[in-house]
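Below is one structure; the comments refer to it alone.
The values are calculated or read from the model by the stated rules, or taken from the named source; none is laboratory data. None of the values given here were measured: they were computed from a predicted structure. All Cβ positions, glycine included, derive from the backbone under ideal geometry; neighbour counts span all protein chains shown. SASA here: full protein model, heavy atoms, side chains in, ligands and nucleic acids out. Shrake-Rupley method; radii C 1.70, N 1.55, O 1.52, S 1.80 Å.
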Amino acid sequence: MIHIEKVHNKHELNNFIAFTSSLYSDDPNWIDPLYIERTEHLSEKNPGVDHIEWQAWVAKKEGKIVGRITAQIDSLHHDRYGADTGHFGMIDAIDDQDVFSALFFAAESWLKSKGIRKVTGPFGLNINQESGLLIEGFDTPPSAMMAHGKPYYATRVELQGYKKGTDLLAYWMRLKDLHFPVSLQKLMEKVRQKVTIRPLNRKRFAHEMQIMRQIFNSGWQNNWGFVPFTEREFARMGDQMKFFVPDDMIYIAEIDSSPCAFIVGLPNINEAIADLKGRLLPLGWAKLLWRLKVSGVHTARVPLMGVCQEYQFSRSGPVIALLLIEALRDAFFRQNIEALEMSWILESNTVMCTILERIGAEPYKRYRLYEKHLTE
């Protein structure tokens, strides 16, 4: 018998979060997320709850948790696309189709009770957070703030009637392999004459974060499933980046003193927490600080990059992105970063995919976003 239970309280939420540790205990590429971060993410401390209503469930067999899922409704998504779409997320379970069926039945029933007729996902909790189901790239650990998964997940989800919406790509690049072909260098030199690339001004940190938010929302507005970042969400992100990101790993591009693009490099926190089992106490904090501030990590991720809409379809737009990557490359060398992930990128963004492959990056992970129309 499979029992589906709603998550109601802090104790049940802790069990919901902890389930993945046992599920992936035999996976050498699994990295336990920090429990404190996951707990805050699924609490009122997450500014996303200003516009996201969500519910979580666990599946149990013989009193033991064997699966989990969330369902959520995002009012910002409704503002852009209409009120008939909801989402699922955080799907993890043993390899048992009955467990998957029971979990999705619970999530879809909850969504239908609120008038939802179409479901997309997985998101945790929306598209600006962990997104997509890993379908390629199980043989390497996930980078910071990226999802992992089991190879059987895609089949189990698709048997529930979910079809591909779009795919997201993660690119891997070794710094020693990063190069700019002569043809690109010529374009970069032309555009460099009218573009200023500057590091973030930490004295105006809050203001700079809102500049980047405006660029991101402008540049991404026509992408699949786009939902804008709110001021509070980007401010919270900034508070986290203050601690982890060096000053010279965030750059803003300007044309005629007007910000038009930005890039953020993030030390790969997953590399630093891989052996902490999700816990910062009693010694985890000291280890994390030492690894980030003293010994350093050797991998990084570019989680955020944006070019204003007005430049995206000009000849300058892609070149501005190259100039930002060039600036970040020098910062990575100073931080002894050896390799980085650039993620995620929509598979339909062929211009950016082509550019990355021309300068030495290769796609190494693929995440799928699904959609399903619910029946009465």
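Points to keep in mind about this one:
- About the Cα centre, charge dipole magnitude for segment 2-166 (Lys/Arg +1, Asp/Glu -1 at Cβ), debye: 480 debye
- The long axis of helix 316-334 is offset from the longest Cα principal axis of the chain by roughly 90 degrees.
- Helix 231-244 vs. the chain, principal-axis angle (Cα, 0 to 90°, nearest 10): 70 degrees
- Sorted largest first, the spans of the alpha carbon positions of segment 173-368 along the three principal axes are 53, 37, 35 Å.
- Loop-located trypsin sites (Lys or Arg not before Pro) in segment 313-376 (DSSP state not H, G, I, E or B) with no more than 15 neighbouring Cβ atoms inside 10 Å: R315.
- Separation between Cα centres of segment 70-94 and segment 218-268, rounded to whole Å: 24 Å
- Net length gained if the chain between E53 and E136 were fully extended (0.36 nm per residue, minus Cα distance): 26.8 nm
- Simple rule: put +1 on each Lys or Arg Cβ and -1 on each Asp or Glu Cβ in the chain, find the dipole, and look at L276, H11, L323; the Cα lying farthest toward the positive end is L323.
- Restricting segment 1-68 to trypsin sites (Lys or Arg not before Pro) that sit in a DSSP loop and have at most 12 other Cβ atoms within 10 Å of their own Cβ leaves K45.
- All-pairs Cα distance distribution in segment 225-301, expressed in whole percent, bin size 5 Å: 3, 12, 18, 20, 18, 13, 9, 5, 2, 1, 0
- Loop-resident sites, segment 174-266, for trypsin sites (Lys or Arg not before Pro), counting at most 11 other Cβ within 10 Å (DSSP): K194
- Using R0 = 25 Å, the C-beta based FRET efficiency linking E44 and L289 works out to 0.40.
- For the chain, accessible area per residue (1.4 Å probe, heavy atoms of protein chains only), Å²: 45 Å²
- For the chain, a Gaussian network of Cα nodes joined below 10 Å ranks S258, S316, S143 by mean-square fluctuation, and the top entry is S258.
- For the peptides 272-285, 106-119, residues were scored by their other Cβ atoms within 10 Å and the scores averaged per peptide; the highest-first order is 106-119, 272-285.
- With all protein chains modelled, accessible area of M90 [1.4 Å, Å²]: 30 Å²
- Top of G121, G225, G63 by mean-square fluctuation, Gaussian network on the chain, Cα under 10 Å: G63
- Exceeding the 26 Å Cα-Cα cut-off - candidates K6/K372; K10/K242; K203/K365; K194/K242; K203/K277: K10/K242; K203/K365; K194/K242; K203/K277
- Taken about its Cα centre, segment 151-202 carries a charge dipole of roughly 340 debye when the Cβ of each Lys and Arg holds +1 and the Cβ of each Asp and Glu holds -1.
- Kirkwood-type hydrodynamic radius, segment 10-117: 15.0 Å, calculated from all non-identical alpha-carbon pairs.
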